[in-house]
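Let me begin by presenting the structure, written as C-alpha cells, before commenting on it.
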Amino acid sequence: SFRLHLSPGGQVWFGLRRVSLGNRSMITNTKSLFVSILKAQQADCVCDIGSRDGDQSLLFRHLLPAATVIAFEANPINCEMMQANQTLAAHHIEVFPYAISNQRGTAMFHISDVNYSDPESNRGTSSLLVAEGQKIKQAVGVETHRIDEFILSRYPRAGKVGLWIDVEGAEFVVLEGMAAIKDRIVAINVETANESLRPGQKPLREVRALMAGYGFAVCGTSFGPGPVEWGDVVFVPQGIVTEMGFRFSLCKFKAYASYFLCADQIAVLTKARLPGLYRFLRRLYIRFGT
C-alpha cells in the first residue's frame, strides 16, 4: 500500500522509500523546487535566460502575476518569433535579444542549423559555445550584458530575483555576471554538466565552487546515480534555507513528489498529444503544486 508521512525532522516516506529533505543534493524535480521557492519568497523579478520560446516565462508569469518577467534570447530567429508572439505580449513578458555573460559588449553567437518552422524541432541548442559536430547555420554578433548591471540599471527596485539559466554550456559566465546582485537572488535553476560538453564550458564542480563563494547551497538536482552527463541544479542562498525552515522542507517535498509522479514526462506527453488535458493539468500544478 502507498504510505506518505512527513515527520517534524523532515523525513518523507513513500511506501518503503525514504528521502531525507535535509539532503540538499537529492534527486528531485528541479523546476518544481525552483518555482516553489520563488512563490514562497514572492519573487518580484524572474529572468528566463536562454528562453528559446518563452514557455518558461509564461509559467513564471502565471505563478507570480505581479512580478517582472524578463526573457533573454540571443538567437535572432527565436527572438523574432518571441517578439511577435501575442501571448507573451499579452502577459507583459519583456523580451530582449541579448546574450547574458560576464561582461557588457559583443560576442559571436552560433545559430544551430535546425528547421525553425517545425514546432517539433529543438530550437534551443544555439549558444556562445559550439559543441563538437554541431551543425551551425551561421554565426552572428550579439550584444552581451551582465545580469547584475542589467537588473540594477533597468529594474533597481527588484529585491527578490529568480534566475532560470539554460544557455547550452555558457552558464558559468552568466553566474560570474551576477556578483553585484547576489544578495537579491532567492533561487537559481541552471542547466550544467558534470564535464565539459562544449569547448570552453566549465564543469559542475567549478560551477558549485563559484556558487559556494557567493554563499549559495545546492538544494536539488536532476543528476541521478551513474554517468549522467548533464542536468539541472537548483542553488539557494544559505540564509534563505535557514530563514524558511519548515517551509523550505515543504518546497522540497513538493518537488520530490513531482519527480516521483513523473510530472515533467506527463507534461511533455500531454502537451504534444492532449493539449486540452495539458492546460488543465498545468492549471492544477500552478494552483496546488507550488
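The values are calculated or read from the model by the stated rules, or taken from the named source; none is laboratory data. All values derive from a computational prediction rather than experimental measurement. Cβ coordinates were reconstructed from backbone atoms using ideal geometry, including for glycine residues, and neighbour counts include every protein chain displayed. Ligands, DNA and RNA are excluded from the accessible area calculation, which covers all protein heavy atoms including side chains. Shrake-Rupley method; radii C 1.70, N 1.55, O 1.52, S 1.80 Å.
Annotation: of all residues in segment 100-139 being in a strand (DSSP E or B) and of a type in the set (Val, Ile, Thr), the one that is nearest to ILE151 (Cα to Cα) is ILE100.
Counting only residues that are more than 21 Å from the chain's Cα centre (by Cα), modelled with pLDDT of 95 or more and small (Gly, Ala, Ser), segment 113-151 holds 2 of them.
Scanning segment 60-99 for residues that are in a helix (DSSP H, G or I), touching a His at 6+ places or on another chain (Cβ under 9 Å) and open to solvent by less than 40 Å² (accessible area, probe 1.4 Å) yields a single hit, ARG61.
Among residues that are under 24 Å from HIS110 (Cβ atoms), modelled with pLDDT of 95 or more and either loosely packed, with under 15 Cβ neighbours inside 10 Å or under 16 Å from the mean Cα position of the chain (by Cα) (or both), TRP164 is included. Filtering segment 183-195 to residues that are closer than 29 Å to THR125 by Cβ and open to solvent by 10 Å² or more (accessible area, probe 1.4 Å) leaves GLU191, ASN194, GLU195. For segment 15-28, the criterion of being within 18 Å of VAL241 (Cα to Cα), over 12 Å from the mean Cα position of the chain (by Cα), assigned to a strand (DSSP E or B) and at pLDDT 50 or above is satisfied by at least one residue. VAL46 passes every criterion in (1) at pLDDT 95 or above; (2) outside any helix (DSSP H, G or I); (3) open to solvent by 10 Å² or more (accessible area, probe 1.4 Å) apart from (3).
Working only within segment 46-55, note down all residues that are under 11 Å from LEU88 (Cβ atoms) and touching a residue at least 40 places away in the same chain (Cβ under 8 Å). Within segment 46-55, ASP48, SER51, ASP53, GLY54 qualify.
Yes/no per residue for (1) of a type in the set (Lys, Arg); (2) surrounded by 15 or more Cβ atoms within 10 Å (Cβ to Cβ); (3) touching a helix residue (DSSP H, G or I) at 6+ places or on another chain (Cβ under 9 Å); (4) in contact (Cβ under 8 Å) with a residue 12 or more places away in the chain:
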residue: PRO156; (1), (2), (3), (4): no, no, no, no
residue: LYS202; (1), (2), (3), (4): yes, yes, yes, yes
residue: ALA209; (1), (2), (3), (4): no, no, no, no
residue: ALA217; (1), (2), (3), (4): no, yes, yes, yes
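Kindly establish whether SER32 is of a type in the set (S, T, N, Q), at pLDDT 95 or above, in a helix (DSSP H, G or I) and surrounded by 18 or more Cβ atoms within 10 Å (Cβ to Cβ). In short, no. VAL12 satisfies every condition listed in (1) closer than 30 Å to GLY169 by Cβ; (2) modelled with pLDDT under 85; (3) among the β-branched types (Val, Ile, Thr) except (1).
Kindly indicate whether any position in segment 268-275 is touching a residue at least 60 places away in the same chain (Cβ under 8 Å) and either within 26 Å of ARG184 (Cβ to Cβ) or open to solvent by 80 Å² or more (accessible area, probe 1.4 Å) (or both). No, that holds for no residue. Of all the residues in segment 246-267, those that are β-branched (Val, Ile, Thr) and either closer than 26 Å to ASN194 by Cα or open to solvent by less than 60 Å² (accessible area, probe 1.4 Å) (or both) number 0.
Can you go through ARG123, ARG104 and tell me which one is among the charged types (D, E, K, R) and open to solvent by less than 40 Å² (accessible area, probe 1.4 Å)? Among ARG123, ARG104, only ARG123 is among the charged types (D, E, K, R) and open to solvent by less than 40 Å² (accessible area, probe 1.4 Å). When GLU243 is tested against (1) loosely packed, with under 13 Cβ neighbours inside 10 Å; (2) closer than 26 Å to SER126 by Cα; (3) among the charged types (D, E, K, R), only condition (2) is not met.
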